[in-house]
Amino acid sequence: MDNSEAYFYHPLENIEDIDDFYEAVKRNHLTKSISDERPYTYWTIELYDQKNGIRGGGGLGVLAADTRRIAEKMEVPFTLITPFYPSETHQVVKDGLVEDIHVPIDYHKFGFRYIDKVSIKCCGNLCYLDVIEKRFKKSRILAITEPNFGELYSGMSGSDHRLYQEVALGFGGYAALKLVGLKPAIIQLNEVATFFAALARLDELSSNGMDFYEAVVYTRKHTLYTNHTLVQAAEAEFSLDQFERYVFPNLKSLAVKKWISDKFVSGRIKLSSISIEIAELKSGVSKLHARVANYHDLAGNKVKFKAITNGIDMDTWTLPETLEYYRNLGIIDDINAPTVNYGELLDHITSSKIRELKRIGRNKLNETLKHYPDQNGRVLKFSNSDFIFDFKRRFVDYKRPELPFIDPVRLRNILESRNAHYILTGRVHSGDYNMTEKLRSILSLIAKDDYLNSHVHYISDYDERLAFALSVGSNATINLPIVGLEACGTSWMKDVSNLNVLISTHDGGVADGSINAYLNVSGHDEGEELNVLYQRMEEALAIWENDFDLEYSIKMQLNTFLPVISGARMMNDYLNYLFPK
Ligand SMILES: *Cc1c(COP(=O)(O)O)cnc(C)c1O
């Protein structure tokens, strides 16, 4: 039973306090106060929050879900605006090939309540969107949806359907915010697919009596564009014709329409170029990424990004017993931020406790694996003494899932030396033929060798549950992005938090730390890197054989990375940047 009368929703009145604004301008002091009615708003085309019925594609969505959970814990008024996709993709392996299957999803089953409809204009029609919401204590998920909304990332980037989804999120989401009586203290654009939220605000201000240039200033001061990509050139473009059909009909202000039209270059536009224009605040997701992201504004100047390294919600991603151990040792506080003297307190970590926690994690892994058979349909079960390497991440080229298989004989020798297992999991993007082929060739290589076939396991349909189970239950994790191409990465953070030995290239958020804090893979070329990778795998095996080495490595990793991976640290960084005292 829907009990709408329990809530009071404001009518569709003007969302902005234009008088307040002019008052602030007079005092030369644009404040950004945050309150329950004026929350931090976070816009994302992707949310990875299976508990709430929304499955994402990868790190971008996991980060969004974690950010909301952390805000909730830190009692930050926070509204996350996202689409609810009525269908999602799962992957199954059939005859050595990965196949997509599509599953319908009903939001009612996940505690969302229907609020009302809002409409946007596209191609001469009114399109109606259902506004649904799920409230928590301090935060909420506000979603827009309709039966033909499609799946996350369906269609090609740059296609009409993607533009429709993005416009629906921006203009529809902005109307949804008004519907529930909220005003944004800040608009955080989690990547450029959410650009239209800021545009909707600019249009609202400019068509409601604010001078256009002042509306631009106001919007810019209250918009943060968070970039997760390295190269602007790789981004999709839209044409003027597409904007005429999907974007312009939703604009009330002629000045805003003119402003956007002027930003087209040869009839085409990249959302990043206009996101840069509409957001004064810009951030990258690790120190290295903020430094190397190669973006230029329309005047040709290189864009400066503030480095705010991603973190994880440790409550979600850490074995509860391990978290409790950290708390008891006093190395993290009640919001999971490292304490002032966590570095000294780490000294109390013992190898016997690490092994005990890993045994608990191993049981958890075995439980989960009952639902995830490997490529041969086997249900895997590992004993406490089995050594497990894992490689769990999206199958995209730069993450190089094939690298450890380049010398199968060497890989086999390493595994055989300790009778170790290698678990490989990750989803291939639909339509990525290159990676589909790489996965197929890895699977056929494994199938040809009896030892590898019984010790290397590919698990399809990688998701949050599997990510958690592997983090808590394996011994060493392998992370091999080509240096310079990973913006941050959060999978490795889950491993550090769960006492796994990290084998990684020095990239993304890993490069926030020192090269000596983990088992670093580097080299002048891929051949050299491969050789180092195999050495590091041997070292990881040796570390787990020796209590002193195990303690030392884990302490070292935690000492360097606990502040990096802490979601509370990330949220505080955002708050300090957005709402400076
Ligand atoms: C944590 C997680 C990710 C994050 O991947 P990165 O590429 O390391 O940022 C992706 N997918 C799932 C299912 C996850 O749980």
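At 0.36 nm per residue, and after removing the present C-alpha to C-alpha distance, how many nm does the segment from Asp407 to Glu538 gain when stretched out fully? Present the calculation step by step, with values, prior to reporting the outcome.
Numbers: separation 131, 0.36 × 131 = 47.16 nm, distance 1.46 nm.
Length gained between Asp407 and Glu538: 45.7 nm.
Report the Cα centroid-to-centroid distance between the range 374-448 and the range 210-248 in angstrom, as an integer.
Centre-to-centre (Cα) distance: 40 Å.
Return one whole number: the accessible area per residue of the range 25-115 in Å², for a 1.4 Å probe.
On the way: 3820 Å² over 91 residues.
That works out to 42 Å² for each residue.
Return one whole number: the accessible area per residue of the range 325-565 in Å², for a 1.4 Å probe.
Details: 8990 Å² over 241 residues.
So the range 325-565 comes to 37 Å² accessible per residue, rounded to a whole number.
How much net charge surrounds His348 when only other residues with a Cβ under 15 Å from its Cβ are counted (Lys, Arg +1; Asp, Glu -1)?
Working: positive: Arg327, Lys353, Lys555; negative: Glu324, Glu344, Asp347, Glu356, Asp547, Glu551.
Surrounding charge for His348 is -3.
I want to check the label-to-label distance for Lys306 and Tyr114. Put each point 7 Å from Cα in the C-beta direction and report it in nm to one decimal.
4.1
Using only Cα atoms, find the angle between the long axis of helix 59-73 and the longest principal axis of the chain, and express it within 0 to 90 degrees, rounded to the nearest 10.
80
What FRET efficiency comes out for Tyr577 versus Asn516 if R0 is 30 angstrom and r is the Cβ-Cβ distance? Round to the nearest 0.05. Can you show the working numbers first?
Numbers: r = 30 Å, r/R0 = 0.98.
Between Tyr577 and Asn516 the formula returns 0.50.
For the chain, with all protein chains present and a 1.4 Å probe, just round the carbon and sulfur fraction of the accessible area to a whole percent.
On the way: 11710 of 22820 Å².
Roughly 51 percent of what the probe reaches on the chain is carbon or sulfur.
Test of understanding: what is the full-extension gain from Leu329 to Glu280, defined as 0.36 nm times their sequence separation minus their Cα-Cα distance? The partial results should precede the final answer.
On the way: separation 49, 0.36 × 49 = 17.64 nm, distance 4.16 nm.
Taking Leu329 through Glu280 to full extension adds about 13.5 nm, to one decimal.
At a Cα cut-off below 16 Å, give the lysines reachable from Lys381, other chains included and same-chain residues fewer than 8 away excluded.
Lys381 reaches Lys358, Lys364, Lys370.
GluC sites (Glu not before Pro) within the range 363-445: which are DSSP loop residues with at most 12 other Cβ atoms inside 10 Å? All intermediate terms of the calculation are to be shown ahead of the outcome.
Working: sites: Glu367, Glu402, Glu416, Glu437; in loops: Glu402.
Hits after loop and neighbour filter: nothing returned.
Given a cut-off of 27 Å, name the pairs among Lys51/Lys117; Lys94/Lys438; Lys109/Lys252; Lys306/Lys399; Lys306/Lys392; Lys282/Lys438 whose C-alpha atoms lie farther apart than that in the structure shown. Please report the intermediate quantities before stating the final value.
Values: Lys51/Lys117 25 Å; Lys94/Lys438 16 Å; Lys109/Lys252 37 Å; Lys306/Lys399 25 Å; Lys306/Lys392 29 Å; Lys282/Lys438 36 Å.
Pairs exceeding 27 Å: Lys109/Lys252; Lys306/Lys392; Lys282/Lys438.
For a quick check of your reading of the filter: which chymotrypsin sites (Phe, Trp or Tyr not before Pro) in the range 102-176 sit in a DSSP loop and have no more than 16 other Cβ atoms within 10 Å? Provide the component values of the computation, followed by the final result.
Values: sites: Tyr107, Phe110, Phe112, Tyr114, Tyr128, Phe136, Phe149, Tyr153, Tyr164, Phe171, Tyr174; in loops: Phe112, Phe136, Phe149, Tyr153.
Counting only loop positions with at most 16 other Cβ atoms within 10 Å, the chymotrypsin sites (Phe, Trp or Tyr not before Pro) in the range 102-176 are Phe136.
The values are calculated or read from the model by the stated rules, or taken from the named source; none is laboratory data. These numbers come from a predicted model, not from an experiment. Backbone-built Cβ (ideal geometry, glycine too); neighbour counts: all protein chains shown. What goes into the accessible areas is simple: the full protein's heavy atoms, side chains included, and nothing from ligands, DNA or RNA. Shrake-Rupley method; radii C 1.70, N 1.55, O 1.52, S 1.80 Å.
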